[in-house]
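Report on the following structure.
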Amino acid sequence: MPGSTFGELFRVTNFGESHGPAIGCVIDGCPPGMALAEADIQADLDRRRPGTSRHVTQRNEPDAVEILSGVYEGRTTGTPIALLIRNTDQRSKDYGNILDTFRPGHADYAYWRKYGLRDPRGGGRASARLTAPTVAAGAVARKWLQQQYGTTFVGWMTQIGEVVIPYEDEAQIPNNPFFAPSAAIVPTLEAYMDALRKSGDSCGARLTVTARGMPVGLGEPVYDRLDADIAWAMMGLNAVKGVEIGAGFGCITQKGSQHGDELTPQGFRGNQAGGVLGGISTGQDLVVSIAIKPTSSIRLPRASIDRAGQPTTVETFGRHDPCVGIRATPIAEALLALVVMDHALRHRAQCGDVQLPVPPIPGSAGAAGGA
């Protein structure tokens with residue numbers, strides 16, 4: 001299927017279906033010599049894994065990753081790295097009632113019209129299950145970027161449905177199933193999600209993801225801008241319907257005197273640009289916000305048509321996330337890492353010898369050239 005490969009120099013090809021025997025990816029272009037083991041990848045997969053709380057799908061998948069190639073004696077060889085994640089808890093019978101019809105808001109109808117057939121079991125290739133290999137590949141990119149530049153990635157939930165989540169304490173993000181940077185709001189989120197699940201409905205979400213310790217100079221003018229590739233990558237995540245970089249749509253009401261981040265010898269005075277100017281990284285934090293639509297698979301009856309074009313009603317059974325945004329934070333972090341990794345290798349290939357007599361201003365992580 002075209003569209004299953006991501007990146008130019010750090011290329012990731014994703015394969016599998018939600019209810020097939022396994023899912024996985026092949027990473028081509030990882031530099032040689034980096035220490036890599038399953039444990040380096042598993043931690044991020046565990047953060048995304050289903051069945052970790054009552055607020056997400058109860059599909060119980062261990063998501064245990066296997067490294068099949070590209071690593072010898074614990075180090076990457078520079079050859080393709082194949083990662084495999086076996087599916088162990090499929091319940092395909094739950095989807096028998098939608099074989100001949102289409103869930104409103106889901107990819108069912110579009111897949112059928114494009115290919116003439118579709119795999120209805122869990123959504124096939126349209127399933128969020130296919131984000132697990134993305135997270136696995138992202139873990140490889142994150143390790144290399146941290147070692148080379150000190151770049152780190154962190155994301156958090158900023159809103160679930162109508163509930164806005166305040167940013168109070170980043171240390172709380174790993175301590176709750178919502179990736180919320182606030183301990184005080186967790187009981188409110190739990191009550192909201194319990195009521196939503198009981199009603200049979202779903203809701204959307206908004207989250208923010210950042211890259212810190214960014215090298216300067218990543219990104220290309222015009223068509224391969226860093227922010228354009230970030231937006232492209234984030235829109236490739238299931239259910240994402242909007243992407244903002246920095247101030248995003250907030251820049252509409254700003255004046256130029258507010259939006260333009262002033263430069264001083266001590267550093268930038270703001271980051272309205274989200275760490276990108278002219279499509280090239282400034283060394284400031286990359287700041288990305290994404291909007292995620294409500295889950296399409298809900299228990300409430302919805303009007304639809306069958307494959308003969310006749311009216312019918314659809315009810316979705318089985319195990320589904322009432323808010324797919326809850327598990328999306330590790331995926332968004334991985335996607336951002338993949339974009340930064342690819343651009344870091346591309347920059348090193350073309351501009352690795354560029355040296356300037358003036359060092360980057362404070363707040364920038366240092367020039368990418370020469371790494």
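Out of the chymotrypsin sites (Phe, Trp or Tyr not before Pro) in the range 168-261, which ones are loop residues according to DSSP with at most 12 other C-beta atoms within 10 Å? Write out the running numbers ahead of the final one.
Details: sites: PHE178, PHE179, TYR192, TYR223, TRP232, PHE249; in loops: PHE178, PHE179, TYR223.
Those that pass, being in a loop and sparsely packed, are TYR223.
Using only alpha carbon pairs under 8 Å that are at least six residues apart, calculate the relative contact order of the chain and give it in whole percent. Don't skip to the answer; put the middle values down first.
Numbers: 808 pairs, mean separation 78.2, N = 371.
Relative contact order comes out at 21 percent.
Taking the Cα centre as origin and putting +1 on Lys and Arg beta-carbons and -1 on Asp and Glu beta-carbons, what dipole magnitude results for the chain, to the nearest 20 debye?
Details: 35 positive and 37 negative charges, 190 e Å.
It works out to roughly 920 debye.
Return the sequence-ordered ³J(HN,Hα) values of the range 346-355 in whole Hz as given by the Karplus equation 6.51 cos²θ - 1.76 cosθ + 1.60 applied to θ = phi - 60°, using x for Gly and Pro.
Couplings: 5, 5, 4, 5, 9, 10, x, 8, 5, 10 Hz.
Can you give the longest stretch of the chain with no exposed loop site, where a site means GluC sites (Glu not before Pro) in a DSSP loop (not H, G, I, E or B) with at most 16 other C-beta atoms within 10 Å?
Details: sites that count: GLU8, GLU73, GLU162, GLU168, GLU262, GLU315.
Excluding the exposed sites themselves, the longest stretch runs over 169-261.
What does the net charge come to around MET235 if you take all other residues with beta carbon closer than 14 Å to its beta carbon, with K and R at +1 and D and E at -1? Kindly include the intermediate steps, with their values, before the conclusion.
Values: positive: LYS241, LYS293; negative: ASP227, ASP229, GLU244.
The answer is -1.
Pick from GLY213, GLY250, GLY124: which residue has the top mean-square fluctuation in a GNM of the chain where Cα pairs under 10 Å get a spring?
It is GLY250.
If Lys and Arg each add +1 and Asp and Glu each add -1, what is the summed charge of the other residues whose beta carbon sits under 14 Å from the beta carbon of GLU220? Mind dumping the intermediate values first?
On the way: positive: ARG225, ARG346, ARG348; negative: GLU8, ASP224, ASP227, ASP229, ASP342.
So the environment of GLU220 carries a net charge of -2.
Mean-square fluctuation check for the chain, GNM, Cα pairs under 10 Å: which of LEU196, LEU218, LEU145 is largest?
LEU196
Read-outs throughout are calculated quantities, based only on the coordinates presented, and are distinct from any laboratory measurement. Here the structure is a predicted model, which means the values were calculated and not measured. Backbone-built Cβ (ideal geometry, glycine too); neighbour counts: all protein chains shown.
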